[in-house]
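Read the structure below first, then the notes.
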Amino acid sequence: METARRIAVRTHGLAGAEDGVTGKEAAARTVERFGYTQIDTIAVIQRAHHHTLWARQPDYQPEMLDELLAQDRRVFEYWAHAAAYVPMADYRYYLPKMRAETERP
C-alpha cells in the first residue's frame, strides 16, 4: 500500500521538486507535465488554478503564471476541455482547431 501511495503522490506532482527546480521554471514544468492547467474563476482565497500550482510548489506566486504567459511565452491560453493554460510546446496541436474556429461563419 505504501508503494501505491508513493506512486499516486509522485504522479500528481505532490512529492516536491525532485530535481531541485523551483520558481517560475517549476511552474512551467508543472503545466507541461499536466498538459494544461484549467483556468478557474472561483476565488475564495485565490483563483483555483493558482492553488493547483502552489500545492505542488510552495514558492509559487501568481505573477509567475502571468510571466510565463506574457513574457516568456512558455504557455498560452486556449480552450482545452475548458479554459486553460497550455504549454507552448503543444501549440501546434491546437492550430487545426484554431483555424477551424476562425473559418466558421
Given (1) at pLDDT below 95; (2) in a helix (DSSP H, G or I); (3) surrounded by fewer than 14 Cβ atoms within 10 Å (Cβ to Cβ), index of the condition E63 fails:
(1)
Kindly indicate the residue of the range 68-84 that is under 14 Å from K97 (Cα atoms) and aromatic (F, W, Y) and also modelled with the highest pLDDT among those meeting that condition.
Y78
Go through the range 1-39 and give me each residue that's part of a loop (DSSP other than H, G, I, E, B), at pLDDT 85 or above and not aliphatic (A, V, I, L, M).
T22, G35, Y36
May I ask you to list pairs of residues, at least six apart or on different chains, whose Cβ atoms are under 9 Å apart, with the first in the range 24-52 being touching a residue at least 40 places away in the same chain (Cβ under 8 Å) and the second being aromatic (F, W, Y)?
K24/Y60; A27/Y60; V31/Y85; Y36/Y78; Y36/Y85; T37/Y85; Q38/Y85; I39/Y85
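The values are calculated or read from the model by the stated rules, or taken from the named source; none is laboratory data. Predicted, not measured: the structure shown is a model, and the values here were computed from it. So basically every Cβ, Gly included, is an ideal-geometry build from the backbone, and we count neighbours across all protein chains shown.
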